[in-house]
Amino acid sequence: MKIIEKLKTVKTSISFEFFPPKTKELEDALFNTIKELKPLNPTFVSVTYGAGGSTREKTRDIVKKIHEETDLTVMAHLTCVGHSKNEIKSILDDYKNIGIDNILALRGDIPLSFEKEKLPLDGCKHANELVSFIRENYKDYYCVAVASYPEGHPESPNLERDIFYFKKKVEAGADFSITQMFFDNSYFYEFLERCQKEGINIPIIPGIMPITNFSQISKFASLCGATIPENVVKLFEKYADNPEETKKIGIEFATKQCEDLIKNGVKGLHFYTLNKSDATIKIYQNIKNLIEQ
Ligand code: FAD
């Protein structure tokens, strides 16, 4: 079922993001995670894609397996960088054939191993072109989501410019958006206000990254331009040698973040699970009284 239709029927959507595991053992662990998260009744789950096509088959196999072996609604991420339009079309034809109708349309980052001169000339340069390509070739078959960035995308000179391009993705036919992780809700509220002023009216779902391993998450955050406030850095640095305590305060921090978002009327919460269930389940249990599905 199309996610945009499901979003109309729930007050606060819950969703989970997974990445395609590299080994059979890790795949079994992922399906165990999915089994544990299923009782939380997610509106949808999504599976990431390796930019340049590095996980092309794996992403497709995991998406297909979730679709066929569970009753979860699943969305496939697809990055256009490094793909010709023919390749993109064959990926999308395949998803249509197996009954997938939700796509997160992304540009992706050019992998370091790619030679820029060898990139296909007829590909999509930016995510808005991918959204247009999907709409031109598949009309309304797909529900199309896009990424957005409460603090601006790292390549963008400023937030205003980034919102200008976000709007292009919406005008091209995006149905809803999921945001990059952020650790200070004021960025998200300000972003929503600015989007509203620009006439962007699609649902924007905040991406939540629970901090369960501070050095790992702070590396992710700095790569994608998400600020970790100084007081939060200090809090986690205090427990640098204590993984149990780190996890505990990470869950407390994400719980407070989600409580505040729900109280401010967000449409949903999208958890970056890193293929693990325990932190997400604990956060969910802490906020479930506030969630109306
Ligand atoms: P775009 O929307 O194309 O934007 C990229 C940059 O170009 C921005 O600075 C923007 O301001 C600018 N821009 C946009 N359109 C134009 C235009 N027409 N002309 C000029 N400039 C323009 N990466 C993966 O590899 N795999 C994944 O599965 C994945 N999943 C993600 C899920 C979410 C929810 C998010 C938030 C990000 C995800 N990413 C993923 C990361 C994403 O691929 C990178 O952030 C990438 O750098 C940008 O992708 P985009 O789709 O936002 O690109």
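The values are calculated or read from the model by the stated rules, or taken from the named source; none is laboratory data. Because the structure is predicted, anything quoted here is derived from the model rather than measured. So basically every Cβ, Gly included, is an ideal-geometry build from the backbone, and we count neighbours across all protein chains shown.
Condition first: modelled with pLDDT under 95 and more than 14 Å from the ligand (Cβ to nearest atom). Can you find one or more residues in the range 94-115 that meet it?
yes
Picking from Phe166, Phe182, which residue would you name as being within 11 Å of the ligand (Cβ to nearest atom), touching a strand residue (DSSP E or B) at 6+ places or on another chain (Cβ under 9 Å), modelled with pLDDT of 95 or more and within 30 Å of Glu245 (Cβ to Cβ)? Break it down stepwise before answering.
Working: Phe166 fails: within 30 Å of Glu245 (Cβ to Cβ).
None of the other options fit; the residue is Phe182.
Answer with yes or no whether Ile88 is farther than 26 Å from Glu27 by Cα, within 16 Å of the ligand (Cβ to nearest atom) and among the aliphatic types (A, V, I, L, M).
In short, no.
Do we have any residue at all in the range 27-43 that's at pLDDT 95 or above and within 14 Å of the ligand (Cβ to nearest atom)?
So far as the range 27-43 goes, no, none of its residues is at pLDDT 95 or above and within 14 Å of the ligand (Cβ to nearest atom).
Please identify the pairs in which a residue from the range 114-141 that is within 14 Å of Asn86 (Cα to Cα) has its Cβ atom under 9 Å from the Cβ atom of a residue that is of a type in the set (Val, Ile, Thr) and surrounded by fewer than 17 Cβ atoms within 10 Å (Cβ to Cβ), counting only partners at least 6 apart or on another chain.
Leu119/Ile110
Testing Pro210 on (1) at pLDDT below 95; (2) crowded, with 20+ Cβ neighbours inside 10 Å, one condition comes back false. Which one is that?
(1)
Looking for whichever is without any contact (Cβ under 8 Å) to a residue 60 or more places away in the chain and polar (S, T, N, Q) here; the options are Thr48, Thr33, Thr43. Which one fits?
The conditions single out Thr48.
On the given criteria, is Lys65 more than 15 Å from the ligand (Cβ to nearest atom), assigned to a helix (DSSP H, G or I), closer than 23 Å to Asp175 by Cα and touching a residue at least 24 places away in the same chain (Cβ under 8 Å)?
no
Is there a residue being touching a residue at least 40 places away in the same chain (Cβ under 8 Å), within 23 Å of Ala279 (Cα to Cα), acidic (Asp, Glu) and surrounded by fewer than 21 Cβ atoms within 10 Å (Cβ to Cβ) anywhere in the range 190-201?
No, that holds for no residue.
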